[in-house]
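Below you'll find the structure, written out as C-alpha cells, and then a few comments.
The values are calculated or read from the model by the stated rules, or taken from the named source; none is laboratory data. All of these numbers come straight from a predicted model, not from anything done at the bench. Here the Cβ positions follow ideal geometry from the backbone for every residue, glycine too, while neighbour counts run over all protein chains shown. Note: areas computed on protein heavy atoms with side chains; ligands, DNA, RNA excluded. Shrake-Rupley method; radii C 1.70, N 1.55, O 1.52, S 1.80 Å.
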Amino acid sequence: SGGVPIAVRHIESMMRMCEAHARMHLRDNVTKDDVDVAIETMLKSFIQAQKICVRKILEREFRIYLRFESDVHNLVMSELQKLFKQARNMHILH
C-alpha cells in the first residue's frame with residue numbers, strides 16, 4: 001500500500017516530541033502544530049537516511065508535510081520581542 005512500517009517505539013517517540021514541543025512554547029497541552037512538527041521531524045529523519053535519488057523523490061512526495069522549518073526562528077523571535085518590550089518599558093520608567 002506504499003506505507004512505511006512503524007513500531008510502537010516510533011509512536012512513543014512522536015508523543016514525547018509533541019509534548020516537548022508544547023513545553024518549548026510554554027503550553028500544558030499538545031496542539032495540532034506540535035503533532036505536525038513531530039511528524040515532520042520523523043519524516044525528515046527517515047528521508048535523510050535514504051540514498052540521494054530516493055531522498056529527492058521522498059522530499060517531493062512529502063513536501064506538504066515538511067513545512068515547519070522556521071519554527072525555531074519564530075520561537076526565538078517571540079522571545080526577543082518580549083525582551084525588547086521589557087527593555088523599552090524599563091527605559092521609559094527611568
Out of all the residues in the range 32-44, is one or more outside any helix (DSSP H, G or I), farther than 17 Å from Leu75 by Cβ and either open to solvent by less than 80 Å² (accessible area, probe 1.4 Å) or not hydroxyl-bearing (Ser, Thr, Tyr) (or both)? no
Name, by its number, the condition in (1) at pLDDT below 90; (2) surrounded by 13 or more Cβ atoms within 10 Å (Cβ to Cβ) that does not hold for His21. (1)
Does the range 52-73 contain at least one residue that is at pLDDT 85 or above, of a type in the set (Ser, Thr, Tyr) and either more than 19 Å from the chain's Cα centre (by Cα) or open to solvent by 60 Å² or more (accessible area, probe 1.4 Å) (or both)? no
More than 9 Å from the chain's Cα centre (by Cα) and not in a loop (DSSP other than H, G, I, E, B): does that describe Arg27? no
Just to be sure, is Met15 at pLDDT below 90 and either open to solvent by 50 Å² or more (accessible area, probe 1.4 Å) or among the aliphatic types (A, V, I, L, M) (or both)? no
Residues located in the range 9-24, provided they are small (Gly, Ala, Ser) and under 12 Å from the mean Cα position of the chain (by Cα): Ala20, Ala22
